[in-house]
Amino acid sequence: MRILLALAVVATAAVLPRAEATPGALCRQAALGAAARHGVPANLMLAISDVETGTTRDGVRGPWPWTLNIAGRGAWFDSRRDALRAAERALAEGERSFDVGCFQVNFHWHGHHFDSIDAMLDPALGADYAARFLKELYGEAGDWIVAAGWYHSRTPAHSRRYRDLVARAAKRIGTMPDRRIATASRPDRRATAPVRRVPRPSSPIAPGGVALSLIQGAGRALIAQQDR
């Protein structure tokens, strides 16, 4: 299965435009490739990556692949090696629930789907898993925005806050994905244990990281307008 996944990632990369030589571009290219392979709206993938890891480097805003969230603190590292060392140190210290890479895949809940933490940091492999997970959630919800909320948490309050942020980011990137079923106005069902660590506060050590509290209101307003 992992061999087939690797071959699919390589095959898609061959037909995508040549990637820019920047870390942020690695997340974007990986998001576009995974979206094409699994039939997930490209702008939704880009929006989730931006909400999860968006930061500003050299005056440019974008996602960042060498990102971890450990015990509620986000950290944006300069290199994959630095991020890997920090993740391995967290494991050695007994931490298990931490988020990794372009799509902040949680090690506790999803790490068993990868060969290693280093594999979780691989932008293409992380994006491919995120896209497959989103596709599975969409199959259950019938609505891409609800699926995005569940990607973060099944707890209704956390889910709705997150999809507000994703909707705002998706609108900024381009046309909102086709929702298929208008479900945002009704409560999320099946509030079970979260599939990801919540809440995810922004960290003061993040260079240009998003301050969630400043944009929640705008995100809620956007969702309210879409639900009418």
Got at least one residue in segment 80-95 being of a type outside the set (A, V, I, L, M), in contact with a helix residue (DSSP H, G or I) (Cβ under 6 Å, 6 or more places away or on another chain), at pLDDT below 95 and more than 12 Å from A127 (Cα to Cα)?
-> no
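Would you mind stating whether R161 is in a helix (DSSP H, G or I), within 24 Å of A75 (Cβ to Cβ), more than 13 Å from the chain's Cα centre (by Cα) and at pLDDT below 95?
No; evaluated as a whole, the condition is false for this residue.
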Scanning segment 7-39 residue by residue, those within 13 Å of A127 (Cβ to Cβ), at pLDDT below 95, open to solvent by 30 Å² or more (accessible area, probe 1.4 Å) and part of a helix (DSSP H, G or I) turn out to be A8, A13
Between a first residue in segment 103-115 that is part of a helix (DSSP H, G or I) and a second residue that is among the basic types (K, R), which pairs have beta carbons less than 7 Å apart while being 6 or more apart in sequence or on different chains?
-> F107/R96; H108/R96; W109/R196
Sole miss for A124 among (1) under 16 Å from W64 (Cα atoms); (2) open to solvent by less than 20 Å² (accessible area, probe 1.4 Å); (3) in a helix (DSSP H, G or I) is condition (2)
Restricted to segment 40-87 and to residues being assigned to a strand (DSSP E or B) and of a type in the set (G, A, S), the residue nearest to G24 (Cα to Cα) is G62
Restricting attention to segment 67-80, does a residue exist that is among the basic types (K, R) and either over 21 Å from R172 (Cα atoms) or surrounded by 20 or more Cβ atoms within 10 Å (Cβ to Cβ) (or both)?
-> yes
Subset of segment 96-110 [open to solvent by 10 Å² or more (accessible area, probe 1.4 Å) and touching a helix residue (DSSP H, G or I) at 6+ places or on another chain (Cβ under 8 Å)] | R96, S97, F107, H110
Scan segment 81-93 for residues that are open to solvent by 50 Å² or more (accessible area, probe 1.4 Å) and more than 15 Å from P23 (Cα to Cα) and jot them down.
-> R85, E88, R89, A92, E93
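The values are calculated or read from the model by the stated rules, or taken from the named source; none is laboratory data. Only a predicted model underlies this, so the values are computations on that prediction, with no experimental measurement involved. Here Cβ is always computed from backbone atoms with ideal geometry, including for glycine, and neighbour counts include all displayed protein chains. Each accessible area value is taken on the protein alone, full model and side chains, heavy atoms only, with ligands, DNA and RNA left out. Shrake-Rupley method; radii C 1.70, N 1.55, O 1.52, S 1.80 Å.
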